[in-house]
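The values are calculated or read from the model by the stated rules, or taken from the named source; none is laboratory data. Treat the numbers as computed from the prediction; the structure is a model and nothing was measured. Backbone-built Cβ (ideal geometry, glycine too); neighbour counts: all protein chains shown. Note: accessible area is taken over every heavy atom of the protein model, side chains too, but ligands, DNA and RNA are not part of it. Shrake-Rupley method; radii C 1.70, N 1.55, O 1.52, S 1.80 Å.
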Amino acid sequence: PPRSTLFPYTTLFRSLSNVDRAGFTASNRKLGVEFDAIYTAEDIGSYKPDLRNFEYMLRHLSEDFGFEKPDVLHVAQSLHHDHAPARKVGLANVWIDRQNLSRGDADWKEGNFGATALVDEVPETDFVFYTMEEFTRVAVG
């Protein structure tokens, strides 16, 4: 598989989603993306930010594809549902900061967090991009 010059990760598209399989299937029809692996809350029995979701994903990425934690780059928008727990389990991560909260505004907590919960502190992220398109251009060229 191709490797990006910036990100030393093998390209594997997987989804860790807080929906059921039917909901994901309906959404994915609109995306038009073929995922190598889909892990839903329905499969796992819990919702993010529960660490069980990330542990389930890591176990299956290892068993099904031979990927270990250092091979995984978690890409997401939600600080609460994704980045805080991803850091707790030791994953490298990319924040898709659609609301531009990382731009250093002193009152970032007043920003638009969309459908995600407010976090007390911004978790550490390895990379920040403002759109998925921007990330994709850099990650896969």
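For Ser17, the accessible area of its heavy atoms, probed at 1.4 Å with every protein chain present, is near 20 square angstrom. All other residues whose Cβ lies under 13 angstrom from that of Val75 are scored, Lys and Arg at +1 and Asp and Glu at -1, for a net of -3.
The H on the amide N of Asn93, modeled in the peptide plane, is under 5 Å from the matching H of His74, Asp126, Phe127, each at least 5 residues off or on a different chain.
What percent does the relative contact order of segment 3-103 come to when contacts are Cα pairs within less than 8 Å and at least six residues apart? Answer for segment 3-103 is 21 percent.
May I ask for the net charge around Asp36, where only other residues with Cβ less than 14 Å from the Cβ of Asp36 are counted and Lys, Arg are +1 while Asp, Glu are -1? Walk me through the numbers before you get to the answer.
Working: positive: Arg14; negative: Glu34, Glu63, Asp64, Asp71.
Here the charged neighbours net out to -3.
Label-to-label distance for Asp50 and Gln99 is 2.5 nm, based on points extended 7 Å past Cα in the beta-carbon direction. Ranking Tyr56, Tyr39 from most to least accessible surface, computed with a 1.4 Å probe over the protein chains only, gives Tyr56, Tyr39.
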